[in-house]
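Have a look at the structure below, then the notes.
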Amino acid sequence: MRSYAFGIDIGGTTVKCGLFTTDGTFIESWEIPTRSENNGSQILPDIAKTITKKIKEKNITLDDVEGVGVGVPGPVFDDGVVNGCVNLGWGVLDVKGQLSTLLSGLPVEVANDANAAALGEQWRGGGKGFSNVIMVTLGTGVGGGVIVGGRILAGAHGAAGEIGHITVNHHETERCNCGKKGCLEQYASATGIVHVAHKMLNESDRPSPLRSIDPLTSKDIFDAAKTGDPISLELVDYLGKKLGTALTAVTAVTDPDVVVIGGGVSRAGQILLDAVEKHYKEDAFRSTKNTDFKLAVLGNNAGMVGAVKMVLSKD
């Protein structure tokens, strides 16, 4: 195996880039703008350019590089073809083939960004030491990734791990951003729990410190819950119920060693884990009832770390 590998995490605003040794040691990270204009036609050339520049800067050659792993915000087929990335302006695009060509044939591996983050947490983060990992990311939306036997489960359409779009409320009248109604994302994301909070506050005149906070955030809700505010505690329990119950279905299918919870909402810490585990254990299948729950530890670097692992694990 060669000495170095690059991990790339493409976001809607910036592209996070990382240089690693092939034993997993992090060397350096940097960012470049994501130029999504003109259907994102400059994104891959920009990535190739910054990798080439870094190789020269570090006085290494292409022969020293094992490959480049890339996480993208959209579904990805097993052959590295992206099945559309709206935020990047991409339709169906052969990211693996095109980027490899731009880098003089350097091997490239591509996966959905949430799946790459899940692989990163399995390799070097909250799931370290386990082969079968479910990762849930609670941010603006709810994302997820499934790792089986140390490898990403992408699915037939590149959409495996879309935990946020499991239906958890068949009576919901408002639509999720995906177009469905009653998705987990509508209740367990940072924006979802705030939306539920506003509805709860509007339905009664019960006192709560949340009433004086504008704009209200998910952090405010968890902070108030930690001080004992009854409404905030109900909101945290509600999130725990929705997420915990949804995960009983996921674990019944995948039987993981551990569920890793990340994203901005996970910074709430133990109060979040306790709420999710409480409801999970109430409804889980007996063989998966004792699945471990852990917090993610790699933060924004998870996608880059997982992207590198893809390169090191390629067949």
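The values are calculated or read from the model by the stated rules, or taken from the named source; none is laboratory data. Bear in mind that the values here come from a model prediction, so they are computed numbers and not experimental data. Neighbour counts are summed over all protein chains in view; Cβ atoms, including those assigned to glycine, are modelled from backbone coordinates with ideal geometry.
Overview of results
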| read-out | value |
| --- | --- |
| Count - residues of the range 183-211 that are outside any helix (DSSP H, G or I) and either hydrophobic (A, V, I, L, M, F, W, C) or within 25 Å of residue 261 (Cβ to Cβ) (or both) | 3 |
| Residue count, the range 107-122 (criterion: over 24 Å from residue 252 (Cβ atoms), modelled with pLDDT of 95 or more and not aliphatic (A, V, I, L, M)) | 3 |
| The range 177-190 - residue that is crowded, with 16+ Cβ neighbours inside 10 Å and not hydrophobic (A, V, I, L, M, F, W, C) and, of those, nearest to residue 264 (Cα to Cα) | 189 |
| Unique match (being closer than 30 Å to residue 80 by Cα, of a type outside the set (Lys, Arg) and assigned by TED's automatic domain parsing to the domain that holds residue 261) among 158, 182, 192, 228 | 158 |
| Pairs with Cβ under 8 Å, 6+ apart, first in the range 108-126 and farther than 15 Å from residue 300 by Cα, second of a type in the set (Ser, Thr, Tyr) | 108/100 |
| Qualifying residue in the range 171-179 (condition: within 26 Å of residue 94 (Cβ to Cβ) and either in contact with a Phe, Trp or Tyr (Cβ under 6 Å, 6 or more places away or on another chain) or not polar (S, T, N, Q) (or both)) | yes |
| Residues located in the range 89-147, provided they are closer than 17 Å to residue 71 by Cα, assigned by TED's automatic domain parsing to the domain that holds residue 185 and of a type in the set (Ser, Thr, Tyr) | 137 |
| Residues of the range 232-258 classified as aliphatic (A, V, I, L, M), farther than 27 Å from residue 150 by Cα and buried (at least 20 other Cβ atoms within 10 Å of the Cβ), total | 3 |
| The range 167-222, subset small (Gly, Ala, Ser) and touching a helix residue (DSSP H, G or I) at 6+ places or on another chain (Cβ under 8 Å), residue farthest from residue 239 (Cα to Cα) | 208 |
